[in-house]
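S.K.: Before I ask anything, here is the structure I am working with.
The values are calculated or read from the model by the stated rules, or taken from the named source; none is laboratory data. Since this is a predicted model, take the numbers as computed values, not measurements. Virtual Cβ from ideal backbone geometry, glycine too; neighbours counted across all protein chains shown.
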Amino acid sequence: MLEGASGPVTLLLRDYKGGAEDAVAHLLDLVYSELRRIAARIMRKERVEHTLQPTALVHEAFFRLFNGQEVPFENTQQFFAASVRNMRLVLIDHARKTLAVKRIAADHPISDMSLTSEELLDIGLALDELAAHEPDVARIVELKFYGGLSIEEIAAVLESSPRSVVRTWTWARAWLYRRLRGAK
């Protein structure tokens, strides 16, 4: 749902910043199906028995975006990028809570498409470390890995060239692989 500077999402964000209280409800109605699709894609990478559902992920991430503080985004691309980031943070917080209650055995088998709480936490910590030194690189990883955006969509969000995004994504994957292998 990438749109121009005068699209409905961007206009609702401006209305919200201008004090229109009902703008958030209209915004959620407008973007809910796209956020739900993104959340479902993110949740497919989680373990099968995960207790958090895509709907809950959307609601928690959306609540975190509009928690009474001023929103830091101006347009649709920035809104969806912030939504993906908040979904990642919700999953990390959920993993931390799960680990606090129950430790999963170190030799727990996983499929290629699922992540244990420890793995998700390791990825989150590595991504936070990367963001501290290379925030633009970390943002590409968030949008690609968690958001499932295509290279072209990421380039549009970051106002960059697809070639630059591919180069950075390739470097980031190698960095994360080395970092995560060393973390175990």
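S.K.: Please specify each residue of region 134-148 satisfying the condition of being modelled with pLDDT under 90 and either charged (D, E, K, R) or within 11 Å of Ala81 (Cβ to Cβ) (or both).
M.R.: The answer is Glu142, Leu143, Lys144, Tyr146, Gly147.
S.K.: Here's something else I'd like to know. Ser160 - would you say it is out of contact with any helix residue (DSSP H, G or I) (no Cβ under 7 Å at 6 or more places or on another chain) and farther than 20 Å from Arg44 by Cα? First the steps, then the outcome.
M.R.: Numbers: out of contact with any helix residue (DSSP H, G or I) (no Cβ under 7 Å at 6 or more places or on another chain): yes; farther than 20 Å from Arg44 by Cα: yes.
The answer is yes for Ser160.
S.K.: Also, quick follow-up: I'm trying to understand the selection: among the residues of region 65-84, which are in contact with a Lys or Arg (Cβ under 8 Å, 6 or more places away or on another chain) and closer than 25 Å to Glu46 by Cα?
M.R.: Ala81
S.K.: Among the residues of region 122-149, what is the count of those that are within 21 Å of Arg96 (Cα to Cα) and not in a helix (DSSP H, G or I)? Write out each step before concluding.
M.R.: We begin by selecting, within region 122-149, every residue within 21 Å of Arg96 (Cα to Cα); these are 122-132, 138, 141-142, 145-147.
Then keep just the ones that are not in a helix (DSSP H, G or I); that gives 147.
Residues that pass the stated criteria total 1.
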